[in-house]
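Asks: Take this structure, written in structure tokens, and hold onto it; I'll ask about it next.
All of the numbers you see were taken from the coordinates with simple rules; none came from a lab. As the structure is a computational prediction, the values presented were derived from the model and not from experiment. Cβ: placed from backbone, ideal geometry, glycine included. Neighbour counts: every protein chain shown.
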């Protein structure tokens with residue numbers, strides 16, 4: 001990946017990257033730093049140095065363009081800084097390097113070998129770091145819009161039967177997420193959440209016994225919540241932290257449905273104030289009004305990434321996602337998508353870097369143009385209140 005387009009504003013991207021550099025998201029070996037003034041995000045290995053730097057540019061329609069810069073091949077001076085760490089790592093497994101290190105006359109040749117080894121080690125660590133970074137962004141609902149998707153063949157009759165019988169194991173993703181409030185308060189909110197309104201079964205459980213809990217004391221800790229559909233589940237175990245916040249241990253199916261469940265639930269928690277993303281000071285990000293060159297095939301596949309996943313009962317066709325009826329110009333479609341998610345004008349304005357009055361006026365204009373079925377009034381939305 002030398003560059004990609006992300007489905008979020010640059011300010012929100014930089015703010016979320018700051019969160020990824022802190023517990024519980026921080027990587028034990030990778031240091032993530034955000035340089036707002038330079039519009040850069042860098043990943044550095046705590047032992048092997050710089051791995052990759054991302055340049056951030058703002059795109060129209062509340063998107064961000066991420067361009068990747070790799071460090072140059074290490075020179076002699078840089079290699080010298082990592083000499084001790086390299087010898088400790090390589091001496092036991094590479095006798096020729098051990099021989100060069102023991103000879104003072106072979107120092108130049110030794111550094112040349114070590115430079116190559118440092119370059120190879122960084123390449124391996126870079127792949128791991130970028131995978132961690134993109135997975136971290138995915139937890140916050142940030143995904144790439146211009147990367148090719150693999151075609152997913154429809155299940156055969158055998159495949160469908162195997163899923164029902166539990167013979168096919170769908171990979172699961174697990175991560176941690178911090179929210180405000182107590183575990184008991186979280187469980188009360190979850191029982192009445194938007195996922196329940198969408199037809200999912202919500203069960204509050206004792207994490208140890210897995211028995212259903214109908215009533216629970218305010219000081220209960222921990223407590224588990226499970227959202228269940230026919231072939232998808234979202235499991236959350238809430239633990240009370242010493243600072244009064246709650247740590248969620250989240251487990252979900254690593255599939256479109258699984259991530260759609262988490263995205264919908266996380267968006268509602270943000271809307272209700274269970275967590276907040278620190279505001280980045282107003283910065284003048286470079287705006288690239290010319291979209292990066294993307295192959296036609298990539299444009300075709302990117303549309304499915306940029307839209308939210310369909311309702312949980314089945315993966316619906318694009319025609320059932322009403323916001324797709326809005327032409328993809330400027331930030332109109334993203335505005336309507338967030339409106340259907342239940343976000344307020346103020347929340348949408350924060351996402352799109354617009355005032356709430358601008359959002360309200362645009363919603364009214366689009367409602368006149370496309371009708372209430374496409375741009376419903378709030379009391380007609382799927383979320384009550």
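Asks: Calculated FRET efficiency, residue 68 and residue 365, Cβ-Cβ r, R0 45 Å, to nearest 0.05?
Replies: Using R0 = 45 Å, I get an efficiency of 0.75.
Asks: Additional query: Under the classification rounded if a/c is under 1.5, otherwise prolate if a/b is larger than b/c and oblate if not, where does region 1-77 fall, given a ≥ b ≥ c as square roots of the Cα gyration tensor eigenvalues?
Replies: It is oblate, given that a/c is not under 1.5 and a/b is not larger than b/c.
Asks: Defining a contact as two alpha carbons under 8 Å apart and six or more residues distant in sequence, what relative contact order in percent does region 1-145 show?
Replies: 27
Asks: So if we plug the beta-carbon distance of residue 230 and residue 191 into 1/(1 + (r/R0)^6) with R0 = 25 Å, what FRET efficiency do we get, rounded to 0.05?
Replies: Efficiency at R0 = 25 Å is approximately 0.80.
Asks: Same structure again: Is the shape of region 72-129 best called rounded, prolate or oblate, per the rule: a/c under 1.5 gives rounded, else a/b larger than b/c gives prolate, else oblate, with a ≥ b ≥ c the square roots of the Cα gyration tensor eigenvalues?
Replies: oblate
Asks: Extension gain residue 209-residue 99, at 0.36 nm per residue separation less the Cα-Cα distance, in nm?
Replies: Answer, rounded to one decimal: 33.7 nm.
Asks: Right, next: Sorted from largest down, what three extents in whole angstroms do the Cα atoms of region 168-271 have along their principal axes?
Replies: Principal-axis extents of region 168-271 (Cα, largest first): 38, 27, 25 Å.
Asks: Multiply the residue separation of residue 329 and residue 128 by 0.36 nm, subtract the distance between their alpha-carbon atoms, and state the gained length in nm to one decimal.
Replies: Here the segment from residue 329 to residue 128 would lengthen by 68.8 nm.
Asks: At residue 276 and residue 81, where each label point lies 7 Å from the Cα along Cα→Cβ, what is the point-to-point distance in nanometres?
Replies: 3.8
Asks: Shape of region 1-145 from its Cα gyration tensor (a ≥ b ≥ c, root eigenvalues): rounded if a/c is under 1.5, otherwise prolate when a/b > b/c, or oblate?
Replies: Here region 1-145 falls in the prolate category.
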